[in-house]
1. Answer with yes or no whether residue 598 is of a type in the set (Phe, Trp, Tyr) and farther than 25 Å from residue 506 by Cβ.
2. In the range 241-278, what count of residues is obtained for those that are in a loop (DSSP other than H, G, I, E, B) and at pLDDT below 90?
3. Scan the range 264-278 residue by residue and report those that are of a type in the set (Gly, Ala, Ser) and either open to solvent by 40 Å² or more (accessible area, probe 1.4 Å) or within 16 Å of residue 599 (Cβ to Cβ) (or both).
4. Six or more apart or on different chains, Cβ under 9 Å: which pairs go from a residue in the range 370-389 that's under 22 Å from residue 593 (Cβ atoms) to one that's open to solvent by 20 Å² or more (accessible area, probe 1.4 Å) and of a type in the set (Gly, Ala, Ser)? Could you list them?
5. Checking the structure you have, find out if any residue of the range 443-452 is basic (Lys, Arg) and modelled with pLDDT under 95.
6. With respect to residue 587, is the statement that it is open to solvent by less than 60 Å² (accessible area, probe 1.4 Å), touching a Ser or Thr at 6+ places or on another chain (Cβ under 9 Å), part of a strand (DSSP E or B) and closer than 20 Å to residue 363 by Cα true?
7. Mind checking which residues of the range 469-496 are part of a strand (DSSP E or B), farther than 27 Å from residue 369 by Cβ and open to solvent by 20 Å² or more (accessible area, probe 1.4 Å)?
8. Restricting to the range 497-521, what's the tally of residues that are modelled with pLDDT under 90 and part of a strand (DSSP E or B)?
Amino acid sequence: MRTPQSTAKTSRPNNTTTLRRGLDQRLLAPIGASNSSREQAATSQLLVAPASNADAENISGTSQNSDQPAPEKPAIQSDINLALVQQGGAAFNEYCISCHDAQKSFSATKNLAAWRETVRKMAAMEDSDIPERVHESIVQFLAAHNAADSGAKNGTKREDAGGEKPAATTSKEKFDPALVQRGTTAFSNYCVSCHDAQKSTSQTKTVAGWRATVRRMVEKDGAQVPESVHEAISVYLASLGTSGTASGTGASETTPAFSMTGTLSAMYRATGDGNLEDPGHFGDAWLGFAWQKQGPVSGRVTTCISCHSQGLQLGNIELVEACARLDLNKLLGAGEEDKSPIKANIEAGRFIVPFGAYYQQVNPGVNRAVTSPLIYNMGTRVYPNDLGDPVLPMPYSDSGASLNITAPFNDSTNITMNGYVVNGLNGGPGGIDFYQSRSYVDNNRWPSAGGRVTVGGANLRLGVSATGGRFNIDAGTGPLNQGMHYVIYGADAVFRWKDLIRVQFEYAERDSDRLQMNPTTSIFRDRIGGYYFEGEALVLRDWRISLFSRFDNQLTHSPSPPLGSQLTTGNFSVSRITYGVNWSLPGGSLLMVNLEQWLLPSGFNNINVLGVRWATTF
């Protein structure tokens, strides 16, 4: 917020440059991600822990002489309430920087009492909409920022007034507020474009546990998180679950080379019609393991329960990912990876193929709806034998190698490029067989290739994707063994505004061959394309309740209807309207309730489906 012209300014130390830049750009968190995205993104943006309902400690400002006012001095760190500092970062971004220059606010040196007076005056101004419940947290945030700067300027390296270093490395000390502040900014700038901030900040882990999580997340496609802020993000997230103290957090623990993450999801879908695919209860679970050292090589393995089977049985477990990753920047040597603005890595093995914006949202832990969009939906459809397959079922995992590059345009915009060679989809004379395509080995000698390019920043991101290759066997001769091919392409856009609105649009089309036997043997082409448009809006902040809606459509153009279909034509469309409510529950889980209205081709009755899903990540 703006300060009086007479206010003294202090020079900024290097270790708070990220905080100033992040606040000034007003980057706020998304409602949901792109796996991330974040993922998931990122998602979607300066946001810290949501405001607590606990009463804040009333901390008085420094005393003033009634005859001669003393010069204002920044509050020392022992005066700062860490919990309020965390809340104040979010409140400052939400209510202040839309009108004020964050840099000027950070340059003002004031004590707690002076900041309280400034906030009170700003809140009383016309068109100001600053709730009284966040006044003290904003004061604490700004005062703590000044305290950190004062220590750095005076050569104390963020030591408090008593000369004791407040680093979170002993079991009974508080976390360093300056480091927590850096972490809030870095988390918001680099993490929430793919992740739901509420879910992340509701989880409780040790510092060592968060270090392992951060290291795993920075390896995601499009992630560009400087190693210099990894520790700050870890400390910030750890501090949220400890009431500002390091006690019990394991802050001094060594980060393990191996880490584990998992998602549990329970779903229920019902309708009065008997043509619902996989009705009733369904349990979905993902379990991931990562190996990460400080060197350039890392690896990960992710398994899931097959969405094409019901019940938890050993035969239903499928391998989503099993790949090694080589960080090309780290090959430059320790400490050199942050110096190059271009980040690059190579992955080899089995991985989720980067196609479309939704590929980063396939983990049920980042889903924002009960079911996937029509163009990517398999396992939760209606009339599956009559309406044919989607454009590309998600998640689409395949074996091969990929090169991934991220390069900046400016401070707020970057471009990501993914190029890959994989086994590709499998099939036969009847066209692509997506069940067969789940195989870990290819059915021909010809690999498929593809790529994805995205450009944008924390609020808006645009992307294009394409892939293609041969899908039938290449052994033998004759009409049944001639080459059959496919090409899939699409475009997408994701927009986020603060933590209030998320809008996502995507179009994709698959052109693939199919063999026709009558009256003569010949190859024709199926064209299956479609789009979805979805949005989510936060309506009750304190309860973390948002409203969700989606419209999606899939159009089929073909000389022949799908194999085994009751339809008499290959030209038809399917539409669906989805309304829903999402509730972020305490502990970081998410409850989704959806009503789906399916609009079907002539000859089929329209269907209403009620769906409920609960998901949690650990």
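The values are calculated or read from the model by the stated rules, or taken from the named source; none is laboratory data. Only a predicted model underlies this, so the values are computations on that prediction, with no experimental measurement involved. Quick reminder, even Gly has a Cβ in these numbers, built from the backbone with ideal geometry, and neighbours come from all protein chains shown. Accessible surface areas use protein heavy atoms only, side chains included; no ligands, DNA or RNA. Shrake-Rupley method; radii C 1.70, N 1.55, O 1.52, S 1.80 Å.
1. In short, no.
2. Looking only at that region, the number is 22.
3. Passing the criteria: 266, 272, 274.
4. 379/372; 380/372
5. yes
6. no
7. 470, 485, 487
8. Summing the residues that are modelled with pLDDT under 90 and part of a strand (DSSP E or B) in the range 497-521 gives 3.
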